[in-house]
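Taking it in order: structure first as structure tokens, then the write-up.
We did not get these values from a lab; they are worked out from the coordinates using the rules stated. These figures come from a predicted structure and were not determined experimentally. Neighbour counts are summed over all protein chains in view; Cβ atoms, including those assigned to glycine, are modelled from backbone coordinates with ideal geometry.
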Amino acid sequence: MFKSQINPVLFVGGALLLASQASGQDAYGGSTAGSVRYYAGVGMANIKAGEYVYSGDRKISQLDWESKGVVTGTLGGDVDIGYAWKLKGRFDVGLGGDGYMEDRDWLSTSYSGWTHQSLHPDTALDRYINVLLEAERALVDTGATRLGLGGGIGYTNVKWTARGGSYIYSDTTLHDTVGNFADGLKGISYEQRIPTVFLSANAEQKIGAFTLSGTLRGGAAIAYKGVDDHWLRYLRFTDEMDVAPMIGATVTADYQLLPSTAVYLGGDFQKIFETRGDAHVRSTVNGASASFDDGGAADYQSITVTAGLKGTF
């Protein structure tokens, strides 16, 4: 599965490299057909995702997964293909980070609050991958100012595993059972797979050695899926979500050091709004399974700040 997630990035990288072989030397930020720009950086990200279980219209479970200060690496670039068109690609990967998970259940209608809660400070971010591919056409390009519209596709994959932690359950009376899981005991893993399609609006302004640019994205998550492994119960839950609204934005500031080299500082935001979907559960022991229409839901959000180098060849 991990290999299939990287293949689109390798394809884009190969396309950029082939295009660069046909291009001449060009100052960064030029718009001649065939010119290729690339960037590489490191940054930090805050990532969170919600996992929900419903019975009809009543929410009966919510798991909040979050990682802060995740170290990330970023590679990207764009190529001018003529007729005011650009092709752009970006790849972000998590290089390390911890997390936190809170699990709450509302299993009785006799209480207004939660009946069960577990807290998991020992939660690891197993994987974070984010890919964006975009085609953009300039509507205005004066050399100093560029305004354009475009569209593209994206893919995000994020996974956590929660170990150990503490719990408060309601067995006979409310919150009557309190305890701890063994340290390091693997409890729950959760993965979100988020393909997206979007339209974009782009703006770029050069002011001396500085270049300010921004992109707004709006679209939808399609074939959105959540996969939850309850290791202590030997159960796998798979939620196949309905189409979910998505918004995103990227802002970047560059400073030109040399004709073909710049430093940059950028920020990226992405949000997938909560959406419902069908839930499927399967025993990992005997294969017994069941499905629940509209029984699951999910949402997602990430904020990334990156700094690095840009160049042209």
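A few points about this structure:
- Residues THR109 and ILE247, FRET efficiency given R0 of 41 Å [Cβ-Cβ distance, rounded to 0.05]: 0.70
- Within a Gaussian network of the chain (alpha carbon springs, distance under 10 Å), most fluctuating of TYR54, TYR39, TYR111: TYR111
- Value of relative contact order over segment 47-185, rounded to a whole percent, pairs C-alpha under 8 Å and six or more apart: 19 percent
- Taking 0.36 nm per residue of separation and subtracting the current Cα-Cα distance, fully stretching the chain between ALA223 and VAL285 would add 19.6 nm.
- A full extension of the chain between ARG233 and VAL42 corresponds to an added length of 64.9 nm, given 0.36 nm per residue minus the alpha carbon distance.
- Segment 2-312, relative contact order in percent, only Cα pairs under 8 angstrom and at least six apart counted: 16 percent
- Counting lysine pairs in segment 2-312 whose alpha carbons fall under 18 angstrom apart, excluding pairs fewer than 8 residues apart on the same chain, gives 15.
- Extension gain from TYR167 to ASP141, taking 0.36 nm per residue of separation minus the Cα-Cα distance: 3.5 nm
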